[in-house]
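Shown below is the structure under consideration.
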Amino acid sequence: MELKVLDCRFSVCKIKDLRDVDFSDEYVFFSKTDEELSLVCRSESVPKNRTALEEGWRGFRVQGELDFSLIGILSKLSTLLADKGISIFAISTYNTDYILIKEEKLAEAMEILQINGYAFHYGDV
């Protein structure tokens, strides 16, 4: 399976409302529940109206469109990393899955996944 390392840094935050979110940005992951508005975006695009912020994330995505009948993709990735003490922040979209990892753990995570048969496409890491 191929994974692509994304060339930007991400932040995870809670926001008051949507008015300051730049939905034209390349990466914007938004979730709304009865308790919160959560946003994952490029670090330079964090809105001013955030109420909580977690910075220092890097990410990669599973390449290609994933069929909904596929089983265990995130489970296998997360288990391989969890077994080595690396936590993830997973985001699923209609097409594929994204995995965010703290920046200081990215190289180690890539090494673990490569040893276990994953191939990477990446730019600046």
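The values are calculated or read from the model by the stated rules, or taken from the named source; none is laboratory data. Predicted model only: the values in this text are computed from it and were never measured. For neighbour counting, all protein chains shown are included, and Cβ atoms are generated from backbone atoms with ideal geometry for every residue, glycine included.
Checking Leu74 against (1) of a type in the set (A, V, I, L, M, F, W, C); (2) assigned to a strand (DSSP E or B); (3) under 13 Å from the mean Cα position of the chain (by Cα): exactly one of these is not met. Which one?
(2)
How about region 1-35: which of its residues are in a loop (DSSP other than H, G, I, E, B), over 30 Å from Gln114 (Cβ atoms) and in contact (Cβ under 8 Å) with a residue 12 or more places away in the chain?
Matches in region 1-35: Lys16, Asp17, Leu18, Arg19, Asp20, Val21, Asp22.
To keep it simple, each residue is scored yes or no on (1) closer than 16 Å to Met110 by Cβ; (2) surrounded by 15 or more Cβ atoms within 10 Å (Cβ to Cβ); (3) modelled with pLDDT under 90.
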position	(1), (2), (3)
Val46	no, yes, no
Leu53	no, no, no
Arg58	yes, yes, no
Leu66	no, yes, yes
Ser69	no, no, yes
Gly72	no, no, yes
Leu81	yes, yes, no
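Does region 26-38 contain at least one residue that is more than 26 Å from Lys105 (Cβ to Cβ), crowded, with 16+ Cβ neighbours inside 10 Å and either of a type in the set (Ser, Thr, Tyr) or modelled with pLDDT of 95 or more (or both)?
Yes, the conditions are met somewhere in region 26-38.
Which number in (1) of a type in the set (D, E, K, R); (2) in a helix (DSSP H, G or I); (3) under 14 Å from the mean Cα position of the chain (by Cα) marks the one condition that Glu44 misses?
That leaves (3) as the condition not met.
Follow-up question, since we're still on this one. Would you mind stating whether Asp7 is over 14 Å from the mean Cα position of the chain (by Cα) and surrounded by fewer than 17 Cβ atoms within 10 Å (Cβ to Cβ)?
Judged against the criteria, Asp7 is not a match.
Among the residues of region 91-125, which ones are of a type in the set (A, V, I, L, M, F, W, C) and either surrounded by 13 or more Cβ atoms within 10 Å (Cβ to Cβ) or in a loop (DSSP other than H, G, I, E, B) (or both)?
Ile91, Ile99, Leu100, Ile101, Leu106, Ala109, Met110, Ile112, Leu113, Phe120, Val125
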